[in-house]
Amino acid sequence: MSEQFKPNIVAFLCNWCTYAGADLAGTSRIQYPANVKIIRVMCSGRVNPLYVVNALQQGADGVLISGCHPGDCHYMEGNYYARRRLKLLKELLEFTGVDPRRFNMSWVSASEGHKWKEVVEKAVEDAIAAGPFDQFRRRQIGW
Amino acid sequence: MDLDKLRKTAAEVVSRDDVKYLIGWRRGTFGYRVAPHFIEDAAGVDELIFSPLCIANLANYLTLTEKLPVPRGQEADTRKVALLVKGCDSRAVAQLIVEKGIKREDVVVIGMPCPGMIDWKLLAERYPETDVAAEIGWKGEDFLLIRGEEEITIPRAEVLAEKCRLCRHPNPVLSDITIGEAVEPWAVAEDSGVAEIEAKEAAERWDYWEEQFSKCIRCYSCRNACPLCYCEDCILDRLDPIWVNRAVNFSENTAFHLARAFHLAGRCVECGECERVCPVGIPLGKLNRKLARTVREEYGFEPGLDPEAEPFQASFKPDDPEEFIL
Amino acid sequence: MSAMLLNKEKWSEFIGKLSGKNLWAPAVQGEVKKYAPVAEGETVELDEGNTTVPPKALLFPQTETLYRFSTGKEELEFPGLDEEMVLLGVRPCDARAMALVENLFRWDFDDPYYLKRRELTTLIGLACNEPELNCFCPSVGGSPDSTEGLDILMTDLGESYLLETVTEKGKAIVEEMKDLLEEAPADALEQKEQLAKGAREKIRRGIDPEGIPEALPQLWEDPLWQRISAPCLGCGICTYLCPTCYCFDIQDEIEGSAGRRCRMWDSCMFAEYTKHTSGHNPRPTRRERTRNRINHKYSYFVDKFGVIACVGCGRCSTLCPVNIDLIDILRQVKAAQ
Ligand code: SF4
Ligand code: SF4
Ligand code: SF4
Ligand code: SF4
Ligand code: SF4
């Protein structure tokens, strides 16, 4: 199954670092899997954990959040808050039985096109290993 | 517990000019129920009690009570609210101060060192409720149920509420007046409820919570009973954007429960109200306690101990754990 | 009204025959008891006590799709609503509640969803031999063996169940089960009367509602509402789980180019229930909301339909987390009169 299964990964990238890093990967013609759907946010600290929950509800098999390395945040400290919050979210998802491989977070700077490729490859690999995530789908169930 | 001293103190406090009312507990109308009791004048203190059934956290009313706009030409009532708090309740007060949900000077806190509360459902399994409100007290380590002539000793371990079994702060962390002597905190065993779930495989955990969340009727009693769920514009009620659909089904219920647990991470003081009020018995406390433990063990922080602390999710340390980040 | 006897030895056969008919019966799920479908081959054990979630949830689902729509398609898609359903073990109070609620769903407009479901449903009730602590059905015109709203009333006689047929629908079921049943002897009927009498005597709480509907409008501004509602959490427990509460909200859910219009339970105890778009709320506090809940049940409904919209099931009193106790409220209303 893992051969055909093409996971859907929603990635929330900060405008200043990872989004630029992903852009660099593109302009440098670095090949990486096409499974990620990128949503640009101004800062990883702007990622409301409910974005992650909603993405999983609406058909994502995995979620990736990426921002600037600690110390490099355009807003000085946004990514520090993100780190705290998303760690809690990760624990919560795991505790409720969501496969931990569906949730990844990374620091990728504007110059790390290669790291971006590796992060995406890891996220895709993880999501493939975890398999399709149907159980949580938002369904307009029942009459 | 010195009930006379409590009533006398309460009478003094409600008689103060700068106190609007005092919130305590009174005997309920039947069985093992106890009701929050709002006292406006000294006469009301006669019904005031403190017993092992006084489990409700009254700090909730500090934010739940509606603050209506003051009609033009009238002065706002700025008098204080006095309330009785156990250890866990006092932590809710402290956390509310941290979050600027209330101001310290707006409350008069009467601290009740707490020997532990009864989970009345456990008690009712052994001694069914009757139409007469039961009288219950502490007797050494144990509890004493008085029914007419009959006095029944109930071993502590049989009916102690789960949250109390796990309680690390039975003495109020802040108070203006304390009634009675501080209690000796008891040894707290590992949180078996959380550990049992952690020991399961991911798929089993999912099944466990699926069964639980599917029962939810979204009455939002858990939210409303929580002293720290007090947003004026809760995401659950918002229509634009809709964060969680109003439809009651497993997917939306799960989203709701993830949101609720997350919003309380680093804030929950483990007073157990959410789980206590749930009409369908969803073990919400396990979600909260799991995250509280992470915050305690990995960040060395416990909410509601220090009214001067910084809110956990709105602060950070440069060396916070990040082993999970690629 | 014919009376038949079902020996408990034939119980599983009886259930077996019913389970082909989309059968639902009370089942314990962790801490709650609620109606669950009975699959073929499964058995049902009826015990004392009522469900936490009333059977209204089956006729008036908490979330119900009224129709679906999608862009580019002019027709709306409506639910089929053609499946018959049998509810087994319905308590007399809950069955009465369905009869009362029908008043509303037939009032100025025939609600096709509710009425269709009601028509497709057969209610097989179970008389209460052991009423619960807060049961007070006799105070409000019911009784532990009331047949109002039911198609068949069963009474547990120990070795057997007595089945009393109330309606044509009930008759049809009894007819189908003929082989399992025997004509009830006179002493079975006698035993049933004794049990019913015993059950009424076991009811511990209650109030004479005489005068309450008239008193309520007089007490509109009485301080008792402030006192009663001060501890209220403003949650949905006492209304969502009340068998006679029927308030709903209608919302659209849209996903991509398709969506549905659905209705969901709502509660007058919620702040948003009366909140205007402007932000103004004519029932600004829990005082007005609590007053509305009691007035609706014990005054407005009486004015409109001539009957109290409470069947005395006691759920609100039992389940309120802060001991806001309907029976006690009614006592206070009488005292304030
Ligand atoms: S958690 Fe602690 S302070 Fe709170 S009621 Fe239990 S023993 Fe008392
Ligand atoms: S109190 Fe229980 S049933 Fe009500 S919303 Fe909370 S979890 Fe759901
Ligand atoms: S009366 Fe009780 S059950 Fe009803 S809304 Fe208030 S707290 Fe909830
Ligand atoms: S108005 Fe309130 S009491 Fe009346 S049916 Fe609606 S929810 Fe129930
Ligand atoms: S108002 Fe209370 S007692 Fe009356 S029918 Fe509703 S839940 Fe039952």
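Data overview
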| quantity | calculated |
| --- | --- |
| Test: residue in the stretch C:247-264 that is of a type in the set (Ser, Thr, Tyr) and within 16 Å of ligand 2 (Cβ to nearest atom) | no |
| The stretch B:196-222 - residue that is more than 8 Å from chain A (Cβ to nearest Cβ) and acidic (Asp, Glu) and, of those, least open to solvent (accessible area, probe 1.4 Å) | B:GLU211 |
| Tally of residues being crowded, with 16+ Cβ neighbours inside 10 Å and more than 16 Å from ligand 5 (Cβ to nearest atom) across the stretch C:195-223 | 6 |
| Unmet requirement for A:LEU89, which otherwise passes all of (1) within 30 Å of C:THR63 (Cα to Cα); (2) more than 16 Å from the chain's Cα centre (by Cα); (3) facing another protein chain (nearest Cβ under 9 Å) | (2) |
| Exclusive hit being in the same structural domain as C:PRO26 (by TED's automatic domain parsing), within 16 Å of ligand 3 (Cβ to nearest atom) and not hydrophobic (A, V, I, L, M, F, W, C), set C:PRO131, C:PRO54 | C:PRO54 |
| Subset tally (residues that are surrounded by 14 or more Cβ atoms within 10 Å (Cβ to Cβ) and not in a helix (DSSP H, G or I)) for the stretch C:224-254 | 19 |
| Of all residues in the stretch B:45-65 being at the interface with chain C (Cβ under 10 Å from one of its Cβ atoms) and more than 26 Å from B:GLY140 (Cα to Cα), the one that is surrounded by the fewest Cβ atoms within 10 Å (Cβ to Cβ) | B:THR65 |
| Spans of strands (runs of 3 or more DSSP E) in the stretch C:40-138 with at least 3 residues buried (at least 22 other Cβ atoms within 10 Å of the Cβ) | C:85-90, C:121-126 |
| Residue within the stretch B:13-23 that is touching a residue at least 60 places away in the same chain (Cβ under 8 Å) and facing another protein chain (nearest Cβ under 10 Å) present | yes |
| Among residues of the stretch C:202-223, those that are assigned to a loop (DSSP other than H, G, I, E, B) and either within 22 Å of B:ARG223 (Cα to Cα) or among the charged types (D, E, K, R) (or both), counted | 6 |
| The stretch C:196-213 residues that are away from chain B (no Cβ under 12 Å), paired with ones that are surrounded by 17 or more Cβ atoms within 10 Å (Cβ to Cβ) and among the acidic types (Asp, Glu) (beta carbon under 8 Å, 6 or more apart) | C:ALA196/C:ASP145; C:ALA199/C:ASP145 |
| Breaking point among (1) touching a helix residue (DSSP H, G or I) at 6+ places or on another chain (Cβ under 7 Å); (2) among the acidic types (Asp, Glu); (3) farther than 26 Å from A:PHE5 by Cβ, for A:ASP61 | (3) |
| B:GLY31 open to solvent by less than 70 Å² (accessible area, probe 1.4 Å) and at positive phi | yes |
| Where B:GLU323 falls short, out of the listed (1) at pLDDT 95 or above; (2) open to solvent by 30 Å² or more (accessible area, probe 1.4 Å) | (1) |
| Residue that is open to solvent by 30 Å² or more (accessible area, probe 1.4 Å), over 30 Å from B:LYS67 (Cβ atoms) and acidic (Asp, Glu), where the choices are B:GLU149, B:GLU99 | B:GLU149 |
| Total residues in the stretch A:31-67, condition away from every other protein chain (no Cβ under 12 Å), touching a residue at least 40 places away in the same chain (Cβ under 8 Å) and surrounded by 15 or more Cβ atoms within 10 Å (Cβ to Cβ) | 8 |
| Where B:ARG238 falls short, out of the listed (1) away from ligand 2 (no atom under 12 Å from the Cβ); (2) within 20 Å of the chain's Cα centre (by Cα) | (2) |
| Matching residues in the stretch A:119-143 - criterion: being within 8 Å of chain B (Cβ to nearest Cβ) and part of a helix (DSSP H, G or I) | A:VAL119, A:LYS122 |
| Checking C:GLY16 against (1) under 17 Å from the mean Cα position of the chain (by Cα); (2) free of Cβ contacts under 8 Å to residues at least 40 places away in the same chain; (3) surrounded by 17 or more Cβ atoms within 10 Å (Cβ to Cβ), the condition it does not meet | (1) |
| In the stretch C:268-304, the residues that are in contact (Cβ under 8 Å) with a residue 40 or more places away in the chain, within 13 Å of another protein chain (Cβ to nearest Cβ) and within 16 Å of ligand 5 (Cβ to nearest atom) | C:ARG289, C:THR290 |
| Within the stretch B:117-161, considering residues that are assigned to a loop (DSSP other than H, G, I, E, B), out of contact with any helix residue (DSSP H, G or I) (no Cβ under 7 Å at 6 or more places or on another chain) and aliphatic (A, V, I, L, M), the one nearest to ligand 1 (Cβ to nearest atom) | B:ALA161 |
| Where B:GLY193 falls short, out of the listed (1) within 12 Å of chain A (Cβ to nearest Cβ); (2) within 16 Å of ligand 1 (Cβ to nearest atom); (3) out of contact with any Lys or Arg (no Cβ under 7 Å at 6 or more places or on another chain) | (3) |
| Residues of the stretch B:125-140 that turn out to be surrounded by 17 or more Cβ atoms within 10 Å (Cβ to Cβ) and out of contact with any strand residue (DSSP E or B) (no Cβ under 9 Å at 6 or more places or on another chain), as a count | 1 |
| Helices (runs of 4 or more DSSP H) contained in the stretch B:223-315 and holding at least 1 residues more than 25 Å from B:SER175 (Cα to Cα) and within 12 Å of chain C (Cβ to nearest Cβ) | B:250-263, B:273-277 |
| All positions within the stretch C:305-320 that are over 16 Å from the mean Cα position of the chain (by Cα) and either in contact (Cβ under 8 Å) with a residue 40 or more places away in the chain or within 16 Å of ligand 5 (Cβ to nearest atom) (or both) | C:PHE305, C:CYS320 |
| Selection within the stretch B:183-195 - surrounded by fewer than 15 Cβ atoms within 10 Å (Cβ to Cβ) and not aliphatic (A, V, I, L, M) | B:GLU184, B:PRO185, B:GLU190, B:SER192 |
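The values are calculated or read from the model by the stated rules, or taken from the named source; none is laboratory data. As the structure is a prediction and not an experimental result, all values here were calculated from the model. Cβ: placed from backbone, ideal geometry, glycine included. Neighbour counts: every protein chain shown. Note: accessible area is taken over every heavy atom of the protein model, side chains too, but ligands, DNA and RNA are not part of it. Shrake-Rupley method; radii C 1.70, N 1.55, O 1.52, S 1.80 Å.
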